[in-house]
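A.B. asks: One structure, pasted below without further comment.
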């Protein structure tokens, strides 16, 4: 199952990330995974939240530039080489990973990773066909 990721575009100014997190918190929205990519003068905060539609509403309501994109979240064995085993499957099936990042929490004894693929449907199919546990919306909400 694909999930929605929220990407928020931020000027490189003191307090902007605080403002995003405050707005989400005030809206009762819980951040489950977060990464920030920066470039000169701006950044992109990418996150998985428990209520993506509500997150878009509150962020846009406060004037933030935000968008939803499809990602795939999977369980990864939390041991040396665990991530490499997932990446090997993708490599052997010629699936391009645009970027990835980890969750704040673990799912039982497994680590959780977010993948953004050039083709999300293809990435999802390859992982599922190879026995990789893909997380759904209920899994994210219940973390």
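A.B. asks: Can you pull out every residue in the range 56-82 that is touching a residue at least 24 places away in the same chain (Cβ under 8 Å) and more than 30 Å from residue 24 (Cα to Cα)?
C.D. replies: Selection gives 77, 82.
A.B. asks: Let me ask you something else. For residue 102, are the conditions met, namely being touching a residue at least 40 places away in the same chain (Cβ under 8 Å) and surrounded by 19 or more Cβ atoms within 10 Å (Cβ to Cβ)?
C.D. replies: Spelling it out, it is not the case that residue 102 is touching a residue at least 40 places away in the same chain (Cβ under 8 Å) and surrounded by 19 or more Cβ atoms within 10 Å (Cβ to Cβ).
A.B. asks: Please enumerate the residues belonging to the range 111-143 that are part of a loop (DSSP other than H, G, I, E, B) and surrounded by 14 or more Cβ atoms within 10 Å (Cβ to Cβ).
C.D. replies: 130, 132, 133, 135, 143
A.B. asks: Hey, any hits in the range 120-128 for a residue that's closer than 16 Å to residue 1 by Cβ, touching a helix residue (DSSP H, G or I) at 6+ places or on another chain (Cβ under 8 Å) and without any contact (Cβ under 8 Å) to a residue 40 or more places away in the chain?
C.D. replies: Within the range 120-128, one or more residues are closer than 16 Å to residue 1 by Cβ, touching a helix residue (DSSP H, G or I) at 6+ places or on another chain (Cβ under 8 Å) and without any contact (Cβ under 8 Å) to a residue 40 or more places away in the chain.
A.B. asks: Also, quick follow-up: Identify, please: which residue in the range 14-39 is free of Cβ contacts under 8 Å to residues at least 12 places away in the same chain and part of a loop (DSSP other than H, G, I, E, B) and is, among those, nearest to residue 70 (Cα to Cα)?
C.D. replies: In this case the residue turns out to be 15.
A.B. asks: Look through 66, 73 and report the one residue that is touching a helix residue (DSSP H, G or I) at 6+ places or on another chain (Cβ under 9 Å), surrounded by 13 or more Cβ atoms within 10 Å (Cβ to Cβ) and modelled with pLDDT under 95.
C.D. replies: 73
A.B. asks: Let me ask something else about it. Counting just the residues of the range 83-96 that are loosely packed, with under 15 Cβ neighbours inside 10 Å and touching a residue at least 12 places away in the same chain (Cβ under 8 Å), which one comes out farthest from the chain's Cα centre (by Cα)?
C.D. replies: Taking the candidates together, the pick is 93.
Condition check ((1) in the same structural domain as residue 124 (by TED's automatic domain parsing); (2) within 22 Å of residue 110 (Cβ to Cβ); (3) modelled with pLDDT under 90) across all residues:
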| position | (1), (2), (3) |
| --- | --- |
| 9 | no, no, no |
| 31 | no, yes, no |
| 45 | no, no, no |
| 61 | no, no, no |
| 85 | yes, yes, no |
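The values are calculated or read from the model by the stated rules, or taken from the named source; none is laboratory data. Just so it is clear, the model here is predicted, and its values are computed rather than measured. Neighbour counts are summed over all protein chains in view; Cβ atoms, including those assigned to glycine, are modelled from backbone coordinates with ideal geometry.
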